[in-house]
């Protein structure tokens, strides 16, 4: 049984195909997260980082260094920066760039484009597939037409989309992204209301998505759902 837990901001915990996966694990500096890094140290199989802004790289380095069994899935340029700057073990890397699926035991992983900025490597979204479920985490991104291609190729069941505006899509733009991606089960908003700069009404996103014939799930920080 696959589960998803939103930890506030863009941080997400996935339990899929027997693997505990953290995406963009901003925890210690995340005012919304009910869980802090110590909860995951020694207790995670994979850390996915979409780009190197502090609110997405978050506590990835500390969690990886304290959990030698854990692997890192990110753009290879970012991975090598973390190896050189923070002495992450190269044995923990799953090298990748935008392209097709990479196998991680019983889980399939892929990186997608994102329209944003970063210091090391390009910003990305990530696709994670296992237990018959495919989840697309868009990372930080603006709206772009090739989201339709992501939908065509990966056919996500769930799409995690930033809606906070200013640095990413706003609720209206994210609802258009849902039309392009066509998630089979639901769209879930992330990256909003962490701080005043990205404060929006998430119910606007829910209303717009449902008006377009798709399902939206609004989660509270720490809330877990079955996929």
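What follows is calculated from the coordinates using simple rules that are stated; it is not laboratory data. Every value quoted in this text rests on a predicted model; they were computed, and no experiment measured them. Quick reminder, even Gly has a Cβ in these numbers, built from the backbone with ideal geometry, and neighbours come from all protein chains shown.
What percent does the relative contact order of the chain come to when contacts are Cα pairs within less than 8 Å and at least six residues apart?
Relative CO of the chain lands at 18 percent.
Roughly speaking, what is the stretch gain from residue 97 to residue 145, that is 0.36 nm per residue apart minus the C-alpha to C-alpha distance, in nm to one decimal? Please list the in-between numbers first.
Details: separation 48, 0.36 × 48 = 17.28 nm, distance 2.00 nm.
Here the segment from residue 97 to residue 145 would lengthen by 15.3 nm.
Among rounded, prolate and oblate, which fits the stretch 109-227 when a ≥ b ≥ c are the square roots of the eigenvalues of its C-alpha gyration tensor, a/c under 1.5 means rounded, and a/b larger than b/c means prolate?
Note, shape of the stretch 109-227 comes out rounded.
Once the Cβ-Cβ distance between residue 39 and residue 117 is put in as r, and R0 is 35 Å, what FRET efficiency do you end up with, to the nearest 0.05?
0.70
Please compute the Kirkwood hydrodynamic radius of the chain from all pairs of different C-alpha atoms, in Å with one decimal.
Numbers: mean 1/r = 0.0586 Å⁻¹.
Across the chain, the inverse of the average 1/r is 17.1 Å.
Nearest 10 degrees, 0 to 90: what angle lies between the long axis of helix 171-181 and the longest principal axis of the chain (Cα atoms)?
80
Let me have the 222 nm mean residue ellipticity of the chain computed from DSSP H runs of 4+ only, each contributing -39500 (n - 2.57), with the sum over all residues rounded to the nearest 500.
Details: 6 runs with 50 residues, N = 227.
-6000 deg cm²/dmol, from helical runs alone.
Need the C-alpha centroid separation for the stretch 15-43 versus the stretch 104-118, integer Å.
Each part reduced to its Cα centre gives a spacing of 18 Å.
Place the peptides 39-50, 192-203, 108-119, 155-166 in order of packing, highest mean first, counting for every residue the other Cβ atoms within 10 Å and averaging per peptide.
Numbers: 39-50: 20.9, 192-203: 15.3, 108-119: 19.1, 155-166: 23.2.
Taking the mean over residues of other Cβ atoms within 10 Å, the ranking is 155-166, 39-50, 108-119, 192-203.
Under 14 Å from a label point 7 Å along Cα→Cβ of residue 29: give me every residue in the stretch 54-76 with its amide N that close.
The answer is 54-62, whose backbone nitrogens lie closer than 14 Å to the label point.
Measure nothing fancy, just the Cα-based angle from helix 202-211's long axis to the longest principal axis of the chain, in degrees from 0 to 90, nearest 10.
Tilt relative to the chain: about 60 degrees.
Could you compute the FRET efficiency for residue 20 and residue 152, with r as their C-beta to C-beta distance and R0 at 30 Å, rounded to 0.05?
Efficiency, rounded to the nearest 0.05: 0.50.
Out of the DSSP beta bridges found with both residues in the stretch 3-220, what percent are antiparallel (nearest 5)?
Bridges in the stretch 3-220 are about 55 percent antiparallel.
Would you mind calculating the gained length between residue 220 and residue 185 on full extension (0.36 nm times residue separation, minus the Cα-Cα distance), in nm to one decimal? Don't jump to the answer; show the numbers that get you there.
Details: separation 35, 0.36 × 35 = 12.60 nm, distance 1.84 nm.
Gain on extension, residue 220 to residue 185, equals 10.8 nm.
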